[in-house]
Amino acid sequence: KEMLEVESQLTKIQIELNSSHELLMRDKAIGAILKNKRKLGMIYGTVAELGEVDKQYSTALKVAAGGRLKNIVVKDENVAIKCLNYLREKRLGVATFLPLNKIRASSSSSVPSGSGVIGLARDLVDCKPEFKKVFANILRNTLIVEDTKTAKSLGIGQHSMVSLEGDVFTTGGSISGGYRRDTGISFSQK
């Protein structure tokens, strides 16, 4: 029985270790691409570097964008493929690229009115005009709301929403949130 418990703990630790290793390799890959961007082609930077947000919306927008903040925006698919080949050749890990000529913005959606509704997440990010479609693609039709009370009044499951504290309400009906510590990666603030 003790051996089974120890094996179970070992399996959990190995899963955590593998997950941490993947994250480190992703960061290593991103760093290598950004370091060599002159050599690789027209690389604009990570999504996080290309947008600026008001401090009061920072947590909500960081949560709404999630891991896509580390996606790398490039001129076109040729640059993206050149970057993929570089990462593979150098065995540096995996990164996600957003070619500006291929990325599509999600269609605009109407914003429900009401107290506590701030607006569409993509409209709260300041960026150069050429990057607007990147944020529309990443943030889609996610609404930013003041709090859980607002989300509940709009109808959980009716809209994709994130509260100012970072609680997430999906159109599938799931709710996630709680305490969030600062992880370091975020949009720059105005």
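Computed over the alpha carbons of the stretch 57-160, Rg followed by Dmax gives 16.6, 53 Å. The value of relative contact order for the chain, using C-alpha pairs under 8 Å at least six residues apart, is 23 percent. Surface exposure of the chain, expressed per residue as accessible area with a 1.4 Å probe, stands at 61 Å². Rounded to the nearest 20 debye, the dipole magnitude of the stretch 23-77 is 280 debye, with +1 charges on Lys and Arg beta carbons, -1 on Asp and Glu beta carbons, and the Cα centre as origin. Using heavy atoms of the protein chains and a probe of 1.4 Å, the accessible area assigned to T96 is about 70 Å². When the square roots of the Cα gyration tensor eigenvalues are ordered a ≥ b ≥ c, the ratio a/c for the stretch 3-67 is 1.5 or more and a/b does not exceed b/c, which makes its shape oblate. Overall shape of the stretch 146-190 was characterised from the C-alpha gyration tensor. The equivalent ellipsoid obtained from it has semi-axes of 22, 11, 10 Å, in decreasing order. Of H159, H21, the order by accessible heavy-atom surface (1.4 Å probe, DNA, RNA and ligands excluded), from most exposed downward, is H21, H159. Our estimate of slack between K128 and R181, defined as 0.36 nm per intervening residue step minus the Cα-Cα distance, is 16.1 nm. Calculated mean residue ellipticity, 222 nm, the chain: -12500 deg cm²/dmol, from DSSP H runs (n ≥ 4) at -39500 (n - 2.57) each, averaged per residue and rounded to 500.
Normalised by the number of residues in the stretch 86-148, the mean separation of alpha-carbon contacts (under 8 Å, six or more apart) gives a relative contact order of 40 percent.
For M42, M161, M3, M25, the ranking by accessible surface with the largest value first comes to M3, M42, M25, M161, using a 1.4 Å probe.
Taking Cα centre as origin and charging only the Cβ of basic (Lys, Arg, +1) and acidic (Asp, Glu, -1) residues, the dipole magnitude of the stretch 109-190 rounds to 180 debye. Prolate is the label for the stretch 29-76. Its Cα gyration tensor axes, ordered a ≥ b ≥ c, give a/c of at least 1.5 and a/b above b/c.
Annotated for the stretch 1-91: lysine pairs at least 8 residues apart or interchain, Cα distance under 13 Å, count 7. Computing the accessible area with a 1.4 Å probe over protein heavy atoms, can you report the carbon and sulfur percentage for the chain? Result for the chain: 50 percent of the exposed heavy-atom area is carbon or sulfur.
The ratio of the alpha-carbon radius of gyration of the stretch 102-180 to the globular-protein estimate 2.2 N^0.38 Å is 1.10. Only protein heavy atoms count here; on that basis, with a 1.4 Å probe, K128 has an accessible area of about 120 Å². Computed over the chain, the P(r) curve from all C-alpha pair distances, binned at 10 Å from the origin, holds 9, 30, 30, 21, 9, 2, 0 percent per bin. Of all DSSP beta bridges confined to the chain, the antiparallel ones make up roughly 55%.
Legend: residues V73, V111, V94, sorted from most to least accessible area (1.4 Å probe; ligands, DNA and RNA excluded), read V94, V111, V73.
The values are calculated or read from the model by the stated rules, or taken from the named source; none is laboratory data. The structure displayed is predicted, hence computed values, not measured ones. Backbone-built Cβ (ideal geometry, glycine too); neighbour counts: all protein chains shown. Accessible surface is based on the protein model in full, side chains and every heavy atom, while ligands, DNA and RNA are left aside. Shrake-Rupley method; radii C 1.70, N 1.55, O 1.52, S 1.80 Å.
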